[in-house]
1. Tell me which residues, restricted to segment 114-130, are within 16 Å of ligand 2 (Cβ to nearest atom) and open to solvent by less than 20 Å² (accessible area, probe 1.4 Å).
2. Need pairs with beta-carbon distance below 8 Å; first residue away from ligand 1 (no atom under 15 Å from the Cβ) and within segment 158-178, second open to solvent by 70 Å² or more (accessible area, probe 1.4 Å); sequence gap 6+ or separate chains.
3. Of everything in segment 66-89, what is loosely packed, with under 13 Cβ neighbours inside 10 Å, of a type in the set (Asp, Glu) and assigned to a strand (DSSP E or B)? Give them in sequence order.
4. What pairs can you find where one residue is in segment 212-225 and on the phi < 0 side of the Ramachandran plot, the other is among the basic types (Lys, Arg), and their Cβ atoms are less than 8 Å apart, with a gap of 6+ or different chains?
5. From Thr92, Thr63, Thr133, grab the single residue that is assigned to a loop (DSSP other than H, G, I, E, B) and either open to solvent by 60 Å² or more (accessible area, probe 1.4 Å) or within 23 Å of Leu194 (Cα to Cα) (or both).
6. Quick check on Val118: is it within 16 Å of ligand 1 (Cβ to nearest atom) and either within 19 Å of Ala199 (Cβ to Cβ) or of a type in the set (S, T, N, Q) (or both)?
7. So which residues in segment 179-198 are open to solvent by 10 Å² or more (accessible area, probe 1.4 Å), without any contact (Cβ under 8 Å) to a residue 40 or more places away in the chain and within 16 Å of ligand 2 (Cβ to nearest atom)?
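The values are calculated or read from the model by the stated rules, or taken from the named source; none is laboratory data. Only a predicted model underlies this, so the values are computations on that prediction, with no experimental measurement involved. A quick note on method: Cβ atoms are made from the backbone with ideal geometry, for glycine too, and the neighbour counts reach across all protein chains shown. Side chains are part of the model used for accessible areas, which takes the heavy atoms of the whole protein and leaves out ligands, DNA and RNA. Shrake-Rupley method; radii C 1.70, N 1.55, O 1.52, S 1.80 Å.
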Amino acid sequence: MVGSANLNIMMKAARRAGRALAKDFREVENLQVSMKGAGDFVSRADLNAEKIIKEDLMGARPTYGWLAEEGGAEEGQDPTRRWIVDPLDGTTNFLHGLPHWAVSIALEHKGQIVSGVVYDPNKDELFFAEKGTGAWMNEGRLRVSGRTKMIESVFSTGLPFGGRPDLPDTLKELGRVLPGCAGVRRWGSAALDLTYVAAGRYDGFWERRLNAWDIAAGLIILREAGGLAEPMDPNGNIVEDGTIVCANEALFAPLAKLVRG
Ligand code: IPD
Ligand code: CA
Ligand code: CA
């Protein structure tokens, strides 16, 4: 697929940052003996990846705005366009030597996400989409799963950790979803969760308390692959609220009903 100039800039930046992170990831195992050492090292790897992405994106499009997990928000001369970046989604996995994390880059235009790239260097899987042109992984077109029965479906979600207040609600949701499906996974990268629904690997995904940079790129990839997505509050906004429930067309309504309770 021949993408726009912006998409090519995003893909190049994601690959460059991904390569730097993959190199640092190989060091992490040696640092596991000292948690503090590993934690500091991962923070530096994360910051370095964001620096690489910013150099590439802002170097090529200096007038665009910027929103990234580590460096925060910067308004651009062009108020209609903004990069939304998570240099490392799945930090806990990275820190623990678990090879499931990704670089996530989206472009927003007039409040709409118009392109997204999610790169998993561990599998060399580059997921990408632009509005109206479909979703892709490397050379292949993506399509959400064709499953129609909840009992045959596998979903993904995020679980609150470290004293987050929403554990009781999450346990209730799981109590409603688990008995009627084939399984629920918690793999620890919301960006990859969304692309896996786009690829038909999961049949759906839901999570609350996310940030714009966790969701923006994966959301357009999911939608361009034929997935349906809504915020938990149907009148809200996924990227602004940081909540999402998504699935293929057949499973969206039953999953959303169970999750919303
Ligand atoms: C996290 C991951 C995780 C989700 C967390 C996010 P990070 O992002 O996407 O799957 O459950 O809420 O914060 O911190 O690894 O960039
Ligand atoms: Ca994230
Ligand atoms: Ca992150």
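1. Gly116, Val117, Val118, Tyr119, Asp120, Phe127
2. Once the first residue is away from ligand 1 (no atom under 15 Å from the Cβ) and sits in segment 158-178, its partners that are open to solvent by 70 Å² or more (accessible area, probe 1.4 Å) give Lys172/Gly261; Arg176/Gly261.
3. None; the set is empty.
4. From segment 212-225, the pairs are Ile220/Lys131; Glu224/Lys131; Ala225/Arg143.
5. On the way: Thr92 fails: assigned to a loop (DSSP other than H, G, I, E, B); Thr63 fails: either open to solvent by 60 Å² or more (accessible area, probe 1.4 Å) or within 23 Å of Leu194 (Cα to Cα) (or both).
Thr133 is the lone residue from the list that is assigned to a loop (DSSP other than H, G, I, E, B) and either open to solvent by 60 Å² or more (accessible area, probe 1.4 Å) or within 23 Å of Leu194 (Cα to Cα) (or both).
6. Against the criterion (within 16 Å of ligand 1 (Cβ to nearest atom) and either within 19 Å of Ala199 (Cβ to Cβ) or of a type in the set (S, T, N, Q) (or both)), Val118 qualifies.
7. The answer is Arg186, and nothing else.
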